[in-house]
1. Between the DSSP loop rule and a limit of at most 12 other Cβ atoms within 10 Å, which GluC sites (Glu not before Pro) in the range A:195-286 are left?
2. In the range A:90-130, which residues have a backbone nitrogen under 14 Å from the label point lying 7 Å from residue A:158's Cα in the Cα-to-Cβ direction?
3. Give me the lysines in straight-line cross-link reach of residue A:555: C-alpha distance below 20 Å, same-chain residues under 8 apart excluded.
4. To make sure I understand the rule: partners must be lysines, Cα under 18 Å from the Cα of residue A:155, and not fewer than 8 residues away in the same chain. Which ones qualify?
5. Quick one: length gained pulling residue A:514 to residue A:392 fully straight, 0.36 nm per residue minus the C-alpha distance?
6. So, by mean Cβ neighbours within 10 angstrom, what's the order for A:502-511, B:104-113, A:41-50 with the highest one leading?
7. Within the range A:139-156, what residues put their amide N at less than 18 Å from the label point 7 Å along the Cα-to-Cβ vector of residue A:477?
8. What's the lysine pair count for the range B:308-404 at a Cα cut-off below 15 Å, pairs eight or more apart or interchain?
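Each reported figure results from applying straightforward, stated rules to the coordinates on display, with no laboratory input. As the structure is a prediction and not an experimental result, all values here were calculated from the model. Here the Cβ positions follow ideal geometry from the backbone for every residue, glycine too, while neighbour counts run over all protein chains shown.
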Amino acid sequence: MYLGLDVGGTHTDAVIIDKNGVIAQTKVVTTHHNLLECINHALQAVLKSIEPSHIKRVNLSTTLTTNAIIENKCEEVGVFVSGGPGINPLHHAIGNYFFLIDGQIDHRGTEITLLNNSQLEKAIKKCRKKDIRVFAVVSKFSTRNPVHEQYIAQKLPHADFISVGHTLSGNLNFPRRIATAYYNAAVWRLYNTFSHAIEESLRELGAIAPVNILKADGGTIPLPVSRTIPVESILSGPAASVIGTMALCNITHDAVMLDIGGTSCDIAMFADGAPLIEKDGIQLNGRNTLVRSLKTKSIGIGGDSAIQVEGISVTAGPRRLGMSMAEGGSNPTIIDALNVLGTIHFKDTSRSQEGLQALEKKHGIQAHEIAQQAITYALDIIYNEVMAMIDEVNSRPVYTIHEFLKGKVLKPKTIYLIGGPAKTLANNIAQRFGWNVIVPQHCEVANAIGAAVARTTVDIEVFADTQRCRLLVPNLNVNIRIPYDYTLDNAIDDATNYMMQYLESIGVDEREREIEILQAYSFNMVEGFETTGKNIRVHCQVKPGILHQCKDILKL
Amino acid sequence: MKAKHTLGVVFFPAFDWAIHPLHPEREERLLYTLDQLNEEGVFDIDGINQFKPDIASHDDIMRTHFCFPDVSKVTTESHLISAGGTIKAATLVMDKIVNKSFALVRPPGHHAMKVVHGARGFCNINIEAVMVEYIRENYPVKKIAIVDTDCHHGDGTQDIYWHDKDVLYISMHQDGRTLYPGTGAIHELGGPNALGTTINIPLPPNTSDEGFLMAMDRVVLPILKDFKPDLIINSAGQDNHYSDPITNMNFSALGYARLTQMLNADIAVLEGGYSIQGALPYVNLGITLAMAGLDYSYVHEPDYLQKDLTQEKEITKYIKKLCDQVMKRYEECKKPSFKLMPGNYDVRKKEIYYDTDNIREMQLESIMVCQECRGVLKIETTSTVNPLCLGIEIPLNACDRCQKEGYRLLDTALSGDRYKHVQLIDRRNKKYVLY
């Protein structure tokens, strides 16, 4: 039995799945001021007629860290940054205690100038005076050589927590590394308090299963691992829906997922059945991060999007002014328009009629016409956004002639539609796109299902420089010597082995250790007219997907 | 950070293509540049976006070049993508998707001349010229300036626009007496129909930032102001850098950025530059920031502070004098000259060596002296890889006389068997045919 719980903006959903499918599900209102409260409610409700000790795995997707960051309920962080020349690092300043320390490492990982010790000491002193307890330490090109980050970190023995840049991601991107390390430290204490409370709640309920946390890339990490990388828990909601859709449908081709809720519509894409991943990482609160995520886009169109008439133009969203009139709201919405058109017969259809007739009276356009135009408007927005996203994916830069000529082109012809109003809009969407539209069963709790069945994911970058006889796997903290005749094949083997060891160490089941090599390049390095070594880069992952045991139990 | 000018970067490093594994033009060339741009988060800056190149069609190439025996024999896909990268950069600006663009592509192109038998100076196809001709065919742009800041004289671009008064070609380079390809002296000023729209500034070895910026101030900017181009293109070679292995100049990343800001080009295209670790990452960062109108003052090379790049007084004096001479010659071009009567052909005999492919070419180039248009162009060419071939170009906005003359030349050529291949470029009717 697998328990999945997804804390959403409005509702918190929980499901329990076993070999017969979804055997329990619940939906409670999210209590933003105290997430523990709604989580406990949902857990109690869903476990009512289930023996908690039979649960094998608990997966949790929460908005805790996201909200803390958006609402600025973060702890003060001492941010120590060593940038060296380039874009002025002050542009990347974040938080109230941002310190620049002179020092430089270049793109090959060569230490050009040492860290400025006196600046560092001064910064540390200031933090101590202000009683700063958590830190983020980031240097430019630390994924090529972490020595500056390590040096600063060991100068902070009294810290409660230090978020070290290169351990968060192997990617290059100094500004994102700074923001990611900062957020990671800023939510660390809050997250850890919360995770202890969750574990306690589950224990009290009698559930002894290991707990995992859902990430924005649609994978999970074991809760104990997440304690040092809490930033990985941000913005996991859309990913939960994507994985849920994969669990409910047999997706093998290019496809689009639309998760239509009350206020918004999330769009995601599948290429040959695999969800597309954002190139660098997700954006939060206007800052780009290195937190890996699925490629999703949220637009302001949903079932409760308010209809607006101005002159002769009828629009809907992005505003939401409460529920539809059919449900007792006071402004006509997309749902009311569908009621008026007779597409659906949802709750109190007469109230929907009333709402649109009021608009008719005010603007001199027939209610039916307004309803039609509002739906057309909403569908056009969705259509245009989907097309723009496909276009964006297909025009992603490529760096080899091979990829340029033979690269994958996304051509979806199927839409998987989930979320509350999914069923009601299926026909309209099918018509607008001229594509096949599939609405899976349980689609209203696809998010919680996704959380329940998501497998653990990890991605690593391996960087080898045979001239310097160095191999680095930044986010696994590997930094070893390699022979000068080391090859790309060796690097691929090592990448696989390091990944295997890591997955084993965090308790990932053997069947879930499916490793995929995403990129493997080897460049001859030449100086003068002589080869001096190889510059090797391997990127591999366990790709987001469904737990083996859950693979086929829910499919249509 | 928000870019003052939105910038489209067409980045195509061709990580799977090299002339040969140890050649400067190899897979590794833009690797560290990409690392630097990624690490700096350049593509996250609001207003700077990365774009995928287009691929140039054979028509795009034949609109610009005479290729013998044909386009596919003298190009590979990498050349078509590199040229397509410049076309993408152009359409981004012309369609107003961005304010400015930078085609950071390889292989380069500025040594490729009007006639192509193979590769010279690492270039097969002149990617700037392919872009310029694409622009002129598809957009109502009349006057274009190309400012070439590569250390080597852009003899290919000069050759293509030698007779074109609507394209101003200015090259700043290391003096040809000290570096490949040897051309680019100050007396090279353009053909009889286009005198003064080719300008060369052959700088002495060891010119530093000071000298380059002086040439910008005293020659490039005044002539640009005079010419009033609708569009400015920068052939942004980066081998004037002090660390470049195959040249002898002392230009820095900061200097390149400053030059970029002064020039204020609409489109930049990467050309040479082979200090792939010590220069390119920083120069490309500097150019990108400068084009976007962002602060570049913190950009410099790791060893910049240890270097003394002050320019010797003698060199400064020499460059001052050089600038005066170039301006004097430029002014002289404005005076009317009657070397040849309109309606006659002006003939040049050229011997061209293709160093990269080891080909020798002999050319007889005839241009119709014309006051109405650029003049019909006829090139007879033979090389160590091709028997005698003929290229005929009826220029853009050709006058009726030159148009008629072009077809007369074609008829004569096709009625005999003197030429193995004949290529016609008819810009008036957009016809590009190989016979």
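1. Values: sites: A:199, A:200, A:204, A:232, A:278; in loops: A:278.
The qualifying sites: there are none.
2. A:121-130
3. A:19, A:413, A:423, A:543
4. A:122, A:125, A:126, A:129, A:130
5. Working: separation 122, 0.36 × 122 = 43.92 nm, distance 2.88 nm.
Here the segment from residue A:514 to residue A:392 would lengthen by 41.0 nm.
6. Numbers: A:502-511: 14.1, B:104-113: 28.3, A:41-50: 17.6.
So the peptides A:502-511, B:104-113, A:41-50, ranked by packing, come out B:104-113, A:41-50, A:502-511.
7. Residues passing the 18 Å test: A:139, A:142-156.
8. Values: B:313/B:321; B:320/B:328; B:349/B:378; B:350/B:378; B:378/B:404.
Total qualifying Lys-Lys pairs in the range B:308-404 comes to 5.
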